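What follows is a single structure, written as structure tokens, with notes after it.
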Amino acid sequence: MAKLDDNVMKNFFLNLTRIVEANPRVYFAVIAGIALCLMLFIAEAVHIQKIAEAAHTKDQLLLNELIQPIVSRYTWSRVLAIAAMVFWSTAEYRKTKKQLGLK
């Protein structure tokens, strides 16, 4: 059983290497998804900071009520970005795998 698992993993990594050499858009999709999530995180931090400054309050409950909907939107935006990245990279992977005739 362990020998079979080793062969499956070895074949997967060899195929992945061939696929990425043939179509670098697989990696580009992952990198673009990570970059988009990072940009959304920075935008969220700046947005929250601006709202906190504009609120002119020290009341933590009020700040939490103001910020929570914004945090939720950015969280769902990052989830959508990750889902798009997974879909895009998987589509590119499968397309290239089929073109190369790999298992």
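Compute the relative contact order of the chain as a whole-number percentage, counting only Cα pairs closer than 8 Å that sit 6 or more residues apart in sequence.
46
Hydropathy at least 1.0 by Kyte-Doolittle, axial extent at least 15 angstrom from the Cα trace: which helices of the chain, defined as entire DSSP H runs, fit?
25-55
Could you tell me which label, among (1) -0.83, -0.92; (2) -0.85, -1.01; (3) -0.64, -0.87, carries the value of log10 I(q)/I(0) by the Debye sum over Cα atoms at q = 0.13, 0.18 Å⁻¹ calculated for this structure?
Working out log10 I(q)/I(0) by the Debye sum over Cα atoms at q = 0.13, 0.18 Å⁻¹ from the coordinates points to (3).
Based on the Cα coordinates of segment 39-94, what is the per residue volume of their convex hull in Å³?
59
May I ask you to compute the full-extension gain from A52 to N64, defined as 0.36 nm times their residue separation minus their alpha-carbon distance, rounded to one decimal in nm?
Working it through step by step, the gained length comes to 3.4 nm.
Mind ordering 67-79, 49-61 by average Cβ neighbours within 10 Å, highest first?
By packing density, highest mean first, the sequence is 67-79, 49-61.
Take each of the peptides 25-38, 6-19, average the number of other beta-carbon atoms within 10 Å over its residues, and list them starting from the highest.
The most tightly packed comes first, giving 25-38, 6-19.
Compute the separation of the alpha-carbon centres of segment 12-47 and segment 58-96 and state it in Å as a whole number.
Taking the Cα centre of each part, segment 12-47 and segment 58-96 sit 15 Å apart.
Every number in this text was worked out from the coordinates using simple rules, so none of it is lab data. In this text, all values refer to a predicted model and were calculated from it rather than measured experimentally. Note that each Cβ is placed from the backbone with ideal geometry, even for glycine, and that neighbours are counted across all protein chains shown.
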